[in-house]
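One structure is given below, encoded as structure tokens.
Values in this text are rule-based calculations from the coordinates and carry no lab data. Predicted, not measured: the structure shown is a model, and the values here were computed from it. Glycine gets a Cβ as well: all are built from the backbone with ideal geometry, and neighbour counts include every protein chain shown.
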């Protein structure tokens, strides 16, 4: 039974990855299970300098989901290289670095620093950051900024380049097309949905942040179906998986790989249960190669 | 022990007061919880409520774990309706424990009502080798009576304050900080757990003024509970640097002098 998948030149032992921001740099989860069993660990978003993250309320539960405004708290790329890569090598984990820059230069500098790290198989570019040199507009919201960024980064790296699309940007399908045109190896569909909650007693905003969790699954599944109709490059689905069935739905819809994120807060071992669940499905359905079901269901 | 989500059968879900319950359930861990550590609890097969809820380990033995909780909203209300043999799931044991190897000449433990849940195991561990006294605040006399009866097996000196006693009361009238202000004795260290307002007032009116070394067991909304999501952070100022620290990982116990209140 083959679970291996390929994205660009990179091969992964199975299609189950953990989503950036929900898994840290892997250390805490190594206390729970052998992280080398995952297809890949996608690191917490790495910024050029260490970031403290947001003040105030950072997470808020909603029915079947979560709104977060963590604010990219991370150790910064230099400390990541110095302090976190050794552990990941020891664990034999497959690693994709999520990269978050606030200008084109920052993205470029972070990738330059990581390019020599063999443990990193590729980069997932977080374009939902505001470009501070262009008045704070998010890269994911402006086609020109988005295109220019990917053009620059593509020249910088021999590793695989994945861009994490924003579902709150207008016309995500167009952005997926631009990513393909600029030579990206895959797109992650998708980042969190912009959301808000009001405290009715105080008559004030309680939180504004990104919505994730089972609540968003059907919406993200639909995006995967639509984007697979428009682009040929692999889609990595991220949004609301909470059991093997939802992961398999994404694969059938055309995702080459899936990311488990908020579900880690239901059960820290859920990604392993999902790998086991996919194997069980393949046995029941007499499927020898996972690649044979990817994209079997089209709109 | 690897931190895994364990399914556990409820043994008892007992009412202590109108809105406070003691839940006892099967202990699935081979290792022992240390004072200060907590569990993340969720309903089995539920996606709503979604996040696990943190509760201090109130007590334990080889076969059972227990938590003390107050009904403050929908999830705790649902918890209070669970019965013997119902299943829950828990993740444990989480957080950095209190430093048990230290001894104190005189130790004060200060609880704001349900805050005793976070201090009970600490008291059990520390009372043998330390001169320990509990100060605990309640809203009503009925609450005070019920808790003091419930805490009797600890066999420690308990000083209770009641916010709103009816008429003449056997308890001190007012909040726990007011009681401590009148206290002429001194302690060499203070441990506290309770509502944020109580901890803030305790810090500014007692700890800072009397320069008492103190530690607070803090509460936070949590997602992962194991230190990877950065959702449960509080601001801590240490050696001149202000950073966000995780209540679930560097905490829940913090040096009271280091906490930066928002």
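Of note:
- Unit Cα scatterers, Debye sum, the protein assembly as shown: log10 I(q)/I(0) for q = 0.06, 0.08, 0.10, 0.11 Å⁻¹: -0.34, -0.58, -0.86, -1.00
- Under the simplified labelling scheme, the residue B:62-residue B:87 pair shows an inter-label distance of 2.6 nm, with each label point 7 Å from Cα along Cα→Cβ.
- Stokes-Einstein diffusion for the range B:220-262, with the hydrodynamic radius set to the Kirkwood value over Cα pairs and evaluated at 4 °C in a medium of 1.567 mPa s, equals 124 µm²/s.
- Within the protein assembly as shown, helix-based [θ] at 222 nm, where runs of 4 or more DSSP H residues each add -39,500 (n - 2.57), nearest 500: -6000 deg cm²/dmol
- Between the range B:116-143 and the range B:213-262, the alpha-carbon center distance in angstrom: 22 Å
- Cα gyration tensor shape of the range B:5-94, rounded if a/c is under 1.5, else prolate or oblate by comparing a/b with b/c: rounded
- Rounded FRET efficiency, nearest 0.05, which uses the C-beta distance separating residue B:46 from residue A:109 and R0 of 35 Å: 0.20
- Result for chain B in a Gaussian network model with C-alpha springs under 10 Å: among B:86, B:205, B:48, the largest mean-square fluctuation is at B:48.
- Compactness of the range A:191-299, expressed as Rg and Dmax over alpha-carbon positions, Å: 16.3, 57
- Counting neighbouring Cβ atoms within 10 Å and putting the fewest first, the residues B:89, A:182 line up as A:182, B:89.
- Among A:202, A:13, A:143, residue whose mean-square fluctuation peaks in a GNM of chain A (springs only between Cα atoms under 10 Å): A:202
- Contact order, relative form, for chain B: 17 percent (alpha carbon pairs under 8 Å, 6 or more residues apart, mean separation divided by residue count).
- Antiparallel bridges, percent of DSSP beta bridges restricted to the protein assembly as shown (to nearest 5): 55 percent
- Per-pair calculated FRET efficiency, R0 = 45 Å: residue B:178 and residue A:34 via Cβ, rounded to 0.05: 0.25
- Whether chain A is rounded, prolate or oblate, judged on the alpha carbon gyration tensor where a/c under 1.5 counts as rounded: rounded
- Gyration tensor (alpha-carbon) shape descriptor, the range B:1-153, a/c threshold 1.5: oblate
- Over chain B, the reciprocal of the mean inverse Cα-Cα separation, the Kirkwood hydrodynamic radius, stands at 19.0 Å.
- Kirkwood radius for the range A:173-221, taken over all pairs of different Cα atoms as the inverse mean of 1/r, rounds to 13.4 Å.
- Computed over chain A: relative contact order in percent, which uses C-alpha pairs under 8 Å that are six or more apart: 19 percent
- Approximating the spin labels as points 7 Å out from Cα along Cα→Cβ, the residue B:77-to-residue A:6 distance works out to 5.7 nm.
- Antiparallel DSSP beta bridges within the range A:174-299, percent to nearest 5: 50 percent
- The range A:40-79 versus the range B:15-30: alpha-carbon centroid distance in Å: 34 Å
- Computed over the alpha-carbon pairs of the range B:109-262, the distance histogram in 5 Å steps reads 2, 9, 18, 20, 20, 15, 10, 5, 2, 0, 0 percent, short to long.
- Cα centroid of the range A:244-276 to Cα centroid of the range B:170-211, whole Å: 49 Å
- Highest to lowest packing among A:278-288, A:248-258, scored as the average C-beta count within 10 Å: A:248-258, A:278-288
- Where both bridge residues fall in chain A, DSSP classifies roughly 40% of the beta bridges as antiparallel.
- Comparing A:122, A:136, A:239 in a Gaussian network model of chain A where C-alpha atoms under 10 Å apart are linked, the largest mean-square fluctuation is found at A:136.
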